[in-house]
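Here the structure is laid out as structure tokens; the discussion comes afterwards.
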Amino acid sequence: MIKNAEPAKAFADHNHQNCCGEVLEQAHNLATNAGLRLTPVRRRTLEILLEEHRAMGAYEVLERLVEDGFGKQPPVAYRALEFLVENGLAHRIRRLNAFAACMTPGQSHAPAFFICEVCDGVAEVQDVSVRQAVDAAAAGIGFQVRRANVEVVGTCPSCRESCDK
């Protein structure tokens, strides 16, 4: 296990209902304390991202929002996703051109995303040594880091187990 890392919930057995509820509560508290509006469409977008611990594209999110009666135009999803990312409630997974809910909203962190190339599951892992390594490398070249996301592609335990059968 990675030193200083939190468990990667996406690839481990856990109470998913509690997991989602805790993140939604943290997001609500963060928004309230910061004077942000977590509108129904923004909240539902976050709920959609939390449902499966995987990255979702904007159009996939839009389809789900349409099913829930939130409008059919792409800006509906893009604006909600942009709000979530800008306020630390979601992350953009650039490799997949997709979005994933932040599992530690409101906390300053430099997550490492472990992306399963089979099921598109995404585990957000917090590891201080990752950020320290990035900061040290940046300092060595005089670079100031504003944001850092590490994306690691491979195969999750469930998919690896399925392939071995």
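Looking across region 7-54, the residues that are hydrophobic (A, V, I, L, M, F, W, C), within 16 Å of ALA101 (Cα to Cα), at pLDDT 90 or above and part of a helix (DSSP H, G or I) come down to LEU24, ALA27, LEU30, ALA31, VAL41, LEU46, ILE48, LEU49, LEU50. Do we find that LEU96 is crowded, with 16+ Cβ neighbours inside 10 Å, among the aliphatic types (A, V, I, L, M) and in contact (Cβ under 8 Å) with a residue 60 or more places away in the chain in this structure? So LEU96 does not fit the description; no. When we screen VAL145, VAL152, VAL128 for residues that are under 15 Å from ALA98 (Cα atoms), loosely packed, with under 15 Cβ neighbours inside 10 Å, out of contact with any His (no Cβ under 7 Å at 6 or more places or on another chain) and of a type in the set (Val, Ile, Thr), the only hit is VAL152. Of all residues in region 128-158, those being within 20 Å of ARG95 (Cα to Cα) and out of contact with any Gly (no Cβ under 8 Å at 6 or more places or on another chain) number 14.
Residues checked against (1) at pLDDT 90 or above; (2) surrounded by fewer than 18 Cβ atoms within 10 Å (Cβ to Cβ):
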position: VAL61; (1), (2): yes, no
position: LEU65; (1), (2): yes, no
position: GLY71; (1), (2): no, yes
position: GLU82; (1), (2): yes, yes
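The values are calculated or read from the model by the stated rules, or taken from the named source; none is laboratory data. Please read these numbers as outputs of a predicted model, since none were measured by experiment. Using ideal geometry, Cβ is built from the backbone for each residue, glycine included, and neighbour counts are taken over all protein chains shown.
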